[in-house]
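Okay, structure first, notes after.
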Amino acid sequence: MSNAWLTALFRLGCRTTFTTMNAPTPPPLLLTAHTGGVLRLILNRPNARNALSSELMTALKAALDGAAADNATRVIVIAADGPVFSSGHDLKEMARHRADGDAGRAAYAGLFTQCSEMMQAIVRNPKPVIAQVQGIATAAGCQLVASCDLAVASTSARFATPGVDIGLFCSTPMVALSRNIGRKAAMEMLLTGEPIDGEQALRIGLINRLVAPEILESETMALANRIAGKPRGTLKIGKEAFYRQLEMPLSEAYAYASRIMTKSMLDGEACEGISAFLEKREPKWPS
């Protein structure tokens, strides 16, 4: 081989190595931003319609768990980049497991368990979690909205559980959906797979507020900051009690809630709050 060829190959190899070493780093799947006491978690797979891949769910759960232990965080907002809030599970990722030796059984079981644990991390988080929904939320994406404590949506938002259309009934999204809206409304969404608009989502209780797209973030942050100004311990106790009593019979729920109220009356936040009310002054909550 001539020296000219060797030189050319060497240069090509150097260029190839240089290109590989300097390949752009893929953007993070989840963006975070802290503003005062509000932590924003932003789904960042716009080109994949913010599908909930295993990697994204891992990142989201880790961020939720971290926020639960972070005293600087009082409220969490889950938002998304791009025109779609979340299209649900990553079907391309799931389809690849068809080639597994067990036809994907273990992978699917693990994926649905992971998703369920991530959704429960929202419900069990001591901090209030608000969904900021700018666009379409379908299947597990709709489940994500239903799992949040509150939801503010743009008039451009749409919601659906369309698994029935591809032979995969939205069974896990059903759990969150049926605990947040009436049975008839939930069954219609699940059985037809048809999308509903923001007006209907507001009417059936899937979201709390419906606003113009241009003020979605400011309205969500205004709500988050309003809640962030409330006493931390009271919010924690109240959120936990809300979800626990929902699963109890009526008399048991009242007995449980009475115990919580009694305990809270002896707490420093209630003492300060009641004193401030009687003395006609602003309460001074512990930081």
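The values are calculated or read from the model by the stated rules, or taken from the named source; none is laboratory data. Keep in mind that what you see is a predicted model, and the values were worked out from it rather than measured. With ideal geometry, Cβ positions are generated from the backbone for all residues, glycine too; neighbour counts draw on all protein chains shown.
Might you let me know whether region 241-264 holds any residue that is under 21 Å from the mean Cα position of the chain (by Cα), within 30 Å of Ile136 (Cβ to Cβ) and either surrounded by 16 or more Cβ atoms within 10 Å (Cβ to Cβ) or modelled with pLDDT of 95 or more (or both)? Yes; the residues of region 241-264 include at least one that is under 21 Å from the mean Cα position of the chain (by Cα), within 30 Å of Ile136 (Cβ to Cβ) and either surrounded by 16 or more Cβ atoms within 10 Å (Cβ to Cβ) or modelled with pLDDT of 95 or more (or both). For region 35-54, the criterion of being within 15 Å of Ala79 (Cα to Cα) and modelled with pLDDT under 95 is met by at least one residue. Annotation note: Cβ proximity below 6 Å between a residue of region 192-218 that is in contact (Cβ under 8 Å) with a residue 60 or more places away in the chain and a residue that is part of a loop (DSSP other than H, G, I, E, B) and hydrophobic (A, V, I, L, M, F, W, C) (sequence gap 6+ or interchain) occurs for Leu206/Ile181. Among the criteria (1) at pLDDT below 90; (2) in contact with a Phe, Trp or Tyr (Cβ under 7 Å, 6 or more places away or on another chain), the one Trp285 does not fulfil is (2).
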